[in-house]
1. Please list the non-local residues whose amide H lies under 5 Å from the amide H of Ala37, H modeled 1.01 Å from N, same-chain partners needing a gap of 5 or more.
2. Return one number: the angle in degrees, 0 to 90 and rounded to the nearest 10, between the long axis of the Cα atoms of helix 42-67 and the longest principal axis of the Cα atoms of the chain.
3. What relative contact order, as a whole-number percentage, does the chain give when Cα pairs under 8 Å and 6 or more residues apart are counted?
4. Using a probe of 1.4 angstrom, how much of the accessible area of the chain is carbon and sulfur, in percent?
5. What fraction, in whole percent, of alpha-carbon pairs in the chain exceed 20 Å separation?
6. If R₀ is 30 angstrom, what is the calculated FRET efficiency for the pair Met63 and Glu30, using the beta carbon separation as r and rounding to 0.05?
7. Roughly what would the spin-label model give for Arg4 and Tyr54, points 7 Å off Cα along C-beta, in nm?
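The values are calculated or read from the model by the stated rules, or taken from the named source; none is laboratory data. Since this is a predicted model, take the numbers as computed values, not measurements. As a convention, Cβ positions derive from the backbone with ideal geometry for all residues, glycine included, and neighbour counts pool all protein chains shown. Only protein heavy atoms, including side chains, enter the accessible area calculation; ligands, DNA and RNA are left aside. Shrake-Rupley method; radii C 1.70, N 1.55, O 1.52, S 1.80 Å.
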Amino acid sequence: MIPRLFMLAALVCLILALLTLTPWASASKECLFGYKAYCSFTPGSTFILGMMAYIFHDMARKMKHRQE
């Protein structure tokens, strides 16, 4: 059960990381890539969420391996 929760958390973080890259016309400022994205701190937030997804996925994999 716990590894599934970590996999779900990894999936949510990955979806949010991809969402930060999407263009958003009503954004208040341009992101560091030079366009108005959903998140104005796009490269940083994408990297942080991507790393969180990797960590959650790795934790789920290790927990599943221990249960076997």
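1. Residues meeting the criterion, in which the H sits 1.01 Å from N, are Trp24, Cys31.
2. So the helix axis and the longest Cα principal axis differ by about 10 degrees.
3. Details: 86 pairs, mean separation 26.8, N = 68.
In percent, rounded to a whole number, it is 39.
4. Working: 3690 of 5220 Å².
The C+S portion of the solvent-accessible surface of the chain is 71 percent.
5. Values: 885 of 2278 pairs.
Roughly 39 percent, once rounded to a whole number.
6. Step by step, r from the Cβ atoms, then E = 0.15.
7. In this crude label model, Arg4 to Tyr54 measures out at 2.8 nm.
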